[in-house]
1. Residues that are among the β-branched types (V, I, T) and under 19 Å from the mean Cα position of the chain (by Cα): does region 246-259 have at least one?
2. Would you mention how many residues in region 379-414 are surrounded by 19 or more Cβ atoms within 10 Å (Cβ to Cβ) and in contact with a helix residue (DSSP H, G or I) (Cβ under 8 Å, 6 or more places away or on another chain)?
3. Among the hydroxyl-bearing types (S, T, Y), surrounded by fewer than 22 Cβ atoms within 10 Å (Cβ to Cβ), at pLDDT 95 or above and within 23 Å of N253 (Cα to Cα), is that true of S50?
4. Just to be sure I understand the filter: pairs with C-beta atoms under 9 Å, separated by 6 or more residues or on different chains, first member in region 389-412 and modelled with pLDDT of 95 or more, second member open to solvent by 70 Å² or more (accessible area, probe 1.4 Å) and in a loop (DSSP other than H, G, I, E, B). Which pairs pass?
5. Filter region 361-370 down to residues that are open to solvent by 10 Å² or more (accessible area, probe 1.4 Å) and in contact (Cβ under 8 Å) with a residue 40 or more places away in the chain, then give me how many there are.
6. Report, by residue number, each residue of region 237-261 that is surrounded by 20 or more Cβ atoms within 10 Å (Cβ to Cβ) and over 24 Å from Y62 (Cα atoms).
7. Take the residues of region 151-171 that are in contact with a strand residue (DSSP E or B) (Cβ under 8 Å, 6 or more places away or on another chain) and open to solvent by less than 10 Å² (accessible area, probe 1.4 Å): which is farthest from L35 (Cα to Cα)?
8. How many of the residues making up region 218-241 are at pLDDT below 95 and part of a loop (DSSP other than H, G, I, E, B)?
Amino acid sequence: MKATDTIYDVFVVGGGVNGVGVANDAAGRGLSVMLVEMNDLASATSSASSKLIHGGLRYLEYYEFGLVKKALAEREVLLKNAPHIISPLVFRLPHQPHLRPAWMIRAGLFLYDNLSKRLTLPKSRGVRFDEKAPLNEKIVKGFEYADAWVDDSRLTILNAIAAKQNGADIHTQTQLLAAKSIEDIWHLTVLDKASGEEFLVRSKSLVNAAGPWVESITDQVNRKESHGVRLVKGSHIVVPKIHSDPHAYILQNEDQRIVFVLPFEDDYSIVGTTDVDYQGDPQEVEISQDEIDYLVDINNQYFKTQISQSDIVHSYSGVRPLLKDEAEDAKAVTRDYTIELSQKGHAPLVNIYGGKITTYRTLAEAAVDKLKKVFPKMKPAWTKHAALPGGDFNSREALYSQLLADYPWLPKTILKRFIRQYGTLSYQILENCHTLEDLGEDFGQGLYQKELCYLSQQEWAKSADDVIWRRTKLGLKLTVEQKEQLNRYFASKNTTHITEKCCA
């Protein structure tokens, strides 16, 4: 078995948003970092969220004031640091007096407005709905407040790019098989799933950011700790857009849960989420018929446009690794996190329990802070004021005008998508391109070979699904034949060949 020469400072297990956040933070503080992900980046929970950067209005009902305050403050940080993939979104909450009284909602919104400083978003207000509203005519009033939308999988991938830029080694399709502490050094056996080759890595510390698999890692290294994880499944459906409003809607249900209806990729709406306790392999999670019926039914209670199961064009489910607490109902389980440093006379192990996508950056910062005793000379925290890759611009409108001037031949639909996904990284894709033909083979819906080259070389894309669901959302629009064409492309060329051909 081969062994790497480097003894890393930090070895991170897990390529979800928390893992790559830790890798980026640690690498930026001058630590040597290696991260392994057994599948693709954001292939589990981090691409299956409701795609919101929010304080969590409903968490106030469970007295999670500290979590909400922390998340609201972080919302402002992320809006500034990732303006390409995060944008303000106005929510409308139709009032159903038999579910929650108006005074309770007003009080909750007042807290939501004032628990943390608002720099970019408007405060909440009451609204009235007329006959032009998409809601059924019995609903005549409600409330409005603002949060933010995020492309969750791209948030994960951009953090991985930033970590790589800061010197971290990022390995996807690479699985941790065994870990042993020998004389204060972790000896880690990892498997390169593409080649089938095992190799040995040594590291001074180990960070367990495995999400739903966090307890399997603690079991593996024989460090079972006091904090447990409760796995909760959340499912969403995607349907042709239910209304033409630019707003999102937050719907109250009889069971006291709430469901979002969110605008998605111009032509669609996301309806979700559910909260169901889950047991089993998180890799095999999928939406159930009961969840489909639940989401369809609540939409049809509120909207004039009725949907059915036949309207569903896509669905996705994720398993959220939430902190185990005393809550009986899955919807009431805390979304906060706990970070635990364990040494016990051995090499240091940091276990990450719980968390939500909005607070991934503060979680990562806190996790690296835990290692200050191990690495007292590390640099101070830095990510709060650092733009994520591609986010170094003032406004989407200004970037659009600049790219349009630089590439007037580029179709506007592609240009808008590039800005929304890549920001200023678009220039890397379009380098040395002067005509549409320079983008190479056309795979449909504005996906050209030059973009595939970039994704393969710079963003660890190794399959069609990596491209069409996690780097882009073109899986919603590509035909079956176009998806097969893309599958054949990846099957016939390994990443090296793709890169060589693209960059020649």
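The values are calculated or read from the model by the stated rules, or taken from the named source; none is laboratory data. What you see is a predicted model, and the numbers here were worked out from it, not measured in a lab. Positions of Cβ are generated from backbone atoms using ideal geometry, with glycine treated the same way; all protein chains shown enter the neighbour counts. Accessible surface is based on the protein model in full, side chains and every heavy atom, while ligands, DNA and RNA are left aside. Shrake-Rupley method; radii C 1.70, N 1.55, O 1.52, S 1.80 Å.
1. yes
2. Summing the residues that are surrounded by 19 or more Cβ atoms within 10 Å (Cβ to Cβ) and in contact with a helix residue (DSSP H, G or I) (Cβ under 8 Å, 6 or more places away or on another chain) in region 379-414 gives 9.
3. For S50, the condition - among the hydroxyl-bearing types (S, T, Y), surrounded by fewer than 22 Cβ atoms within 10 Å (Cβ to Cβ), at pLDDT 95 or above and within 23 Å of N253 (Cα to Cα) - is met.
4. Listed pairs, sorted by first residue: Y407/H434; W409/H434.
5. Number of matching residues: 3.
6. Result: I237, V238, V239, I242.
7. So, considering only residues that are in contact with a strand residue (DSSP E or B) (Cβ under 8 Å, 6 or more places away or on another chain) and open to solvent by less than 10 Å² (accessible area, probe 1.4 Å), the one farthest from L35 (Cα to Cα) is L155.
8. Final tally of qualifying residues: 8.
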